[in-house]
C-alpha cells in the first residue's frame, strides 16, 4: 500500500496543469446542487480527495466541499461515523477522488468510502502514469 501511495504522490506531482484533482469549493450552502454550481478548483498535489460535509440541525441543512488529503478525510469520516445519519441532527462526511465528485447526505459510512477510494485511486494512478509517459 505504501508503494501505491508513493506512486500516486510522485505521479500527481508530475501532472501538467489541468490534470490535478478538481473539487467544488463551497461553505455552508443550503443544498448539494448549490455547491455543485460553484467553481471547480484545482487541488494541491497532496490533496487527493474531495471531502463533502453534510450538516443537518435545527437551523437547516448545510453543505461544505473542499480539497483535502486522503488521510485527513478518512479521519473525518471515522470521527463523524456515529453522527450520520440521525433523525433530527446529522453530520455526515464522505470522501471521493474524481474531479467534480461530491458526496450525498447520509452516506458517511467508512466502508463505502474505502471501496470507492480504491477504484478512483486506480484511475488516478493510470491517468498520472500516462501523463508522465506522454512527456518522454
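Read-outs throughout are calculated quantities, based only on the coordinates presented, and are distinct from any laboratory measurement. Quantities reported herein were computed from a predicted structural model and do not represent experimental measurements. Glycine gets a Cβ as well: all are built from the backbone with ideal geometry, and neighbour counts include every protein chain shown.
Laid out as a table, the results:
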| quantity | calculated |
| --- | --- |
| Protection-proxy order for peptides 50-63, 80-93, each taking the mean of Cβ atoms within 10 Å per residue, highest first | 50-63, 80-93 |
| Full-stretch length increase - residue 81, residue 45 - with 0.36 nm per residue and alpha-carbon distance subtracted | 10.2 nm |
